[in-house]
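Heads up: the structure comes next, in structure tokens.
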Amino acid sequence: MAVNYRTMQCSPESVFAVLADGWLYPGWVVGASRMRDVDATWPATGSTIHHSVGVWPALLDDTTSVLEWDPPRHALLQARGWPIGEAQVAVDVRPQGNGCRVRITEDATAGPGRFVPLFLRDAAISVRNTETLRRLAYLAEGGAGTPQ
């Protein structure tokens, strides 16, 4: 299971404001390229966002669903990207000084990605999530997702 951390210069609420705006998903998730729809109930448990992964013209349409939602501390998502498979992604946020510490934990749960040896899978996910957390920090620190 790949685990990444980043200290951000914003409140945990600012991080969750970005997570709560499903339309911002491709802005912080590496590999997501566009949004097609966001359930009206997002980010309630069981709700889904509809996104595409890849680069045009090789785009795959898929979804991500909320399994657990406890703002501003914890979110657990089920991300789908078939034919690669599915992954569970946990985002945990703790206050730290004038900002917060964000941990993202991810591992494949279904599909061919599960059969990649763990040390290779973790290394690839970790590199991707380093950039994912950088993008999330840019959005959260910049006030994205916060009502104006």
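The values are calculated or read from the model by the stated rules, or taken from the named source; none is laboratory data. These numbers were taken from a predicted model, which means no experiment stands behind them. Cβ placement follows ideal geometry from the backbone for every residue including glycine, while neighbour counts extend to all protein chains displayed. Please note that ligands, DNA and RNA were not included when accessible areas were found on the heavy atoms of the full protein model with its side chains. Shrake-Rupley method; radii C 1.70, N 1.55, O 1.52, S 1.80 Å.
From the set of residues in segment 23-50 that are of a type in the set (Val, Ile, Thr) and in contact with a Ser or Thr (Cβ under 8 Å, 6 or more places away or on another chain), which is surrounded by the most Cβ atoms within 10 Å (Cβ to Cβ)?
49
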Can you tell me which of 89, 53 is among the aliphatic types (A, V, I, L, M) and open to solvent by 30 Å² or more (accessible area, probe 1.4 Å)? 53
Single condition residue 24 does not satisfy, out of (1) within 15 Å of the chain's Cα centre (by Cα); (2) over 29 Å from residue 99 (Cα atoms): (2)
Restricting attention to segment 48-82, and to residues there that are part of a loop (DSSP other than H, G, I, E, B) and more than 19 Å from residue 28 (Cα to Cα), which single residue is nearest to the chain's Cα centre (by Cα)? 82
Just to be sure I understand the filter: pairs with C-beta atoms under 7 Å, separated by 6 or more residues or on different chains, first member in segment 79-103 and on the phi > 0 side of the Ramachandran plot, second member among the aliphatic types (A, V, I, L, M) and part of a strand (DSSP E or B). Which pairs pass? 85/108; 85/110
